[in-house]
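One structure is given here, and the rest of the page talks about it.
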Amino acid sequence: MQDSRRVWVFDLDDTLHDASSHIFPIMNKAMTQYIMETLDLDEQHAFELRKHYWRIYGATLKGLMRHHGVDPYHFLCETHDNMDLENMVTEIKQLRHCIKRLKGRKVIFTNAPMNYAIRVLDTLGINDLFSLVFSVESTKFHPKPSVRGFKQLLRAINAEAKDCVMLEDNLPALMTAKRLGMKTIWISRKLKKPNFVDLRLNNVLALTHSRI
C-alpha cells in the first residue's frame, strides 16, 4: 500500500488516551442517572439496561433510541457536556510525535459525540493532526461496530477499506473493520490475539516500533 493512500483510523477513548480510569466511571454514572429519570427505573434496573444495550448494540444510546424513542442529542448533552475533561484527560508524552510521523491521512472514528471528542483532542494537543473527526452524530447514530457506520466513514473520507488501518480497543469494532477489508490494530494489554486482529499493541505509542 502506498503511504499516500493509507488512512489511519483511530478510535478515541481507551485508544488514544485512558478513559477507563477517570472518565468512564463518571460518564456511566451519568448515563445510568439519565435512564433512571427518563424511563422511571430504579438505579439497579437502569444500570443493567445501560450495560445490556452496550453489549447488544455497542452503544447504550442506540438501544435507548430504538426501544424508547430517546432524543440522541439530549442524551449526549446530558451525559457528556458537563465533565471537566481538561482535568480528567491525562497528557501522554510523545503522543503527538508518534501520530505525526505516520505517513498518510489520520482520522478519528469514535462513538462519542463531536463536542466531547474535540475537547479531548484539544486537551491532548493533537486535534490538528486529524483531517476528520467522525463522531456518533456523523454515523447518523449507527455507532461501531455497525457496518453502516463504517461505510459512512469510508464515504466521508473517500477511501477504500483496504487502504485503511483501524486502531481500536474494542474487538467487535475491529471485527467489522477486518470484515470490510481494513488492517486492524488492537490496543490492549491482553496477550491472546484473535485471528481478525493483525497486530496487538500495549498502547498507541508502540506504533513507533511497529510495521504494518
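Quick note: the coordinates plus some simple rules give every number you see, no bench work behind them. All values derive from a computational prediction rather than experimental measurement. Note that we place each Cβ from the backbone using ideal geometry, even for glycine, and neighbour counts take in every protein chain shown.
Observations on the structure shown:
- Choice from V197, V133, V165 with maximal GNM fluctuation in the chain (Cα, 10 Å cutoff): V197
- The three principal axes of the Cα atoms in segment 148-212 give end-to-end lengths of 33, 23, 14 Å, sorted in falling order.
- Remark: the chain carries a charge dipole of roughly 1560 debye about the Cα centre, counting +1 on each Lys and Arg Cβ and -1 on each Asp and Glu Cβ.
- Taking A159, A59, A177 as the candidate residues, the one with maximal mean-square fluctuation in a Gaussian network model of the chain, Cα springs under 10 Å, is A159.
- Computed helical MRE - 222 nm, the chain, DSSP H runs ≥ 4 contributing -39500 (n - 2.57), nearest 500: -12500 deg cm²/dmol
- Enclosing the Cα atoms of the chain in their convex hull gives a volume equal to 117 cubic angstrom per residue.
- Relative exposure of Y73, Y116, judged by other C-beta atoms within 10 Å (fewest first): Y73, Y116
- What the Cα convex hull of segment 19-137 gives, in volume per residue, is 111 Å³.
- Working from the Cα coordinates of segment 23-85, the gyration tensor eigenvalues give, after taking √(5λ), semi-axes of 16, 13, 12 Å in decreasing order.
- Helix 43-57 axis, angle to the chain major axis (alpha carbon atoms, nearest 10°): 30 degrees
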